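We did not get these values from a lab; they are worked out from the coordinates using the rules stated. Remember, it's a predicted structure, so these values are computed and weren't measured experimentally. Note that each Cβ is placed from the backbone with ideal geometry, even for glycine, and that neighbours are counted across all protein chains shown.
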Amino acid sequence: MTDTKQAEKDYLARIGSNEWERVKPFSIPGSDSLPESARLLHDFSVALLTLQPARDDRILDLGAGGCWCSDLLGRLNRSSVAVDISADMLRTGRSRPTGGSIRAVAGDMEQLPFRSGAFNKAICLSAIHHVPDIPTALREIARVLTDDGVAFFSEPGRGHADAPGSTAAMRDFGVLEQDILVEDFAGWCADAGFKEVRIKPMSYAIPEFDLRVD
């Protein structure tokens, strides 16, 4: 069996996508990433409006990859720490045009390298579905949050693991792709110690009708 954690650590070197990770969620000069960029910015906006992080909140950016969430949080005068299993990804994040002030720590979500109660908020955008033991990761996330802390997760649902891009990633790079099913995930969150679990259905659909002035 493939060691999926090692595959995550090696992924950036193998796929050669440093340039995209350095500018994500925006486009590489001369390229067009509009649909994906719009979805990423949408998820980030929903996370911010849900979490409502205060200026003095300590925010944990989980599965940060190239640190794009931490980059945007910094531009919005919010304090975060990016954590990812791949040191290569974090180095790329620190090399972003505004990445010099990003605080980044290499770590495994199943065993976070932080003291208990270190953070007020946590944001995890499309990352926990790569983790082999999600219930353990959720217990760790709950541990490092304060008693009134809040975590926000945005993850792909049913059918993700069988999608062409996912099967190619697993075949070619050995990474783990999983469906995140609402019923299972909500139960794991409750078992991990989260006092309240809320599901927010998200849609990227444009409204089906326009309103005219009249």
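Could you let me know the centre-to-centre spacing of region 144-205 and region 60-80, using Cα atoms, in angstrom?
Between the Cα centres of region 144-205 and region 60-80 lies a distance of 19 Å.
Where in the chain is the longest stretch that carries no GluC sites (Glu not before Pro) classed as loop by DSSP and with at most 12 other Cβ atoms within 10 Å?
Counting at most 12 other Cβ atoms within 10 Å as exposed, the longest clean stretch of the chain is 1-195.
When the chain is modelled as a GNM with alpha-carbon springs shorter than 10 Å, which of ASN120, ASN77, ASN18 fluctuates the most?
The residue with the greatest mean-square fluctuation here is ASN77.
Among ASP179, ASP71, ASP108, whose mean-square fluctuation peaks in a Gaussian network model of the chain (Cα, cutoff 10 Å)?
ASP179
Determine, from the Cβ-Cβ distance of ARG171 and GLU36 and an R0 of 25 Å, the FRET efficiency 1/(1 + (r/R0)^6), rounded to the nearest 0.05. Mind showing how you got there, number by number?
Details: r = 21 Å, r/R0 = 0.85.
Result of the calculation: an efficiency of 0.75.
Relative contact order of the chain, please, whole-number percent, based on alpha carbon pairs below 8 angstrom and at least 6 residues apart.
Dividing the mean separation by the residue count of the chain yields 19 percent.
Full extension from ASP3 to ARG115: what is 0.36 nm times the residue separation minus their Cα-Cα distance, to one decimal in nm?
That works out to 37.6 nm of additional length.
Between SER95 and residues 5 or more places away or on another chain, which pairs have amide H atoms under 5 Å apart, with H built 1.01 Å from N, and which residues are they?
none
Would you mind checking region 5-39 for residues with the amide N under 15 Å from a putative spin-label position 7 Å along Cα→C-beta of ALA106?
Only 5-14 fall inside the zone, counting backbone N under 15 Å.
How much length, in nm to one decimal, is gained on full extension between VAL213 and ARG91, taken as 0.36 nm per residue of separation minus their Cα-Cα distance? It would help to have the intermediate numbers written out before the result.
On the way: separation 122, 0.36 × 122 = 43.92 nm, distance 5.08 nm.
Full extension from VAL213 to ARG91 adds 38.8 nm.
Tell me the mean residue ellipticity at 222 nm calculated for the chain from its helices only (DSSP H runs of n ≥ 4, each -39500 (n - 2.57), averaged over every residue, nearest 500).
-11500 deg cm²/dmol
Any lysines with Cα under 19 Å of the LYS200 Cα? List them, leaving off those in the same chain fewer than 8 positions away.
LYS121
Calculate, for SER45 and ALA13, the FRET efficiency according to 1/(1 + (r/R0)^6) with r their C-beta to C-beta distance and R0 30 Å; round to the nearest 0.05.
Efficiency, from the Cβ-Cβ distance: 0.45.
Of (1) 139; (2) 160; (3) 106, which one was derived for volume of the Cα convex hull per residue in Å³ from the structure shown?
Among (1) 139; (2) 160; (3) 106, the one calculated here is (2).
Could you work out how much longer the chain between ALA186 and PHE26 gets when fully extended? Use 0.36 nm per residue separation minus the Cα distance between them, nm to one decimal.
54.4 nm is the gain from fully extending ALA186 to PHE26.
For the chain, with a Gaussian network of springs between Cα atoms less than 10 Å apart, report the residue from LEU112, LEU181, LEU49 with the top mean-square fluctuation.
LEU49
For region 1-67, state which trypsin sites (Lys or Arg not before Pro) are in a DSSP loop and have at most 15 other beta carbons lying within 10 Å of their beta carbon. Walk me through the numbers before you get to the answer.
Numbers: sites: LYS5, LYS9, ARG14, ARG22, ARG39, ARG55, ARG58; in loops: ARG55.
Answer in residue order: ARG55.
So which trypsin sites (Lys or Arg not before Pro) in region 137-214 are both in a DSSP loop and have at most 10 other Cβ atoms within 10 Å of their Cβ?
For trypsin sites (Lys or Arg not before Pro) across region 137-214 that sit outside H, G, I, E and B with at most 10 neighbouring Cβ atoms in 10 Å, the list reads ARG158, LYS195, ARG198, ARG212.
Compute, for the chain, the length of the dipole vector about the Cα centre, with Cβ point charges of +1 (Lys, Arg) and -1 (Asp, Glu) only. Units Debye, rounded to 20. Before the final figure, lay out each step's value.
Numbers: 24 positive and 32 negative charges, 169 e Å.
The calculated dipole for the chain is roughly 820 debye.
What percent does the relative contact order of region 152-214 come to when contacts are Cα pairs within less than 8 Å and at least six residues apart?
On the way: 30 pairs, mean separation 15.7, N = 63.
For region 152-214, the relative contact order is 25 percent.
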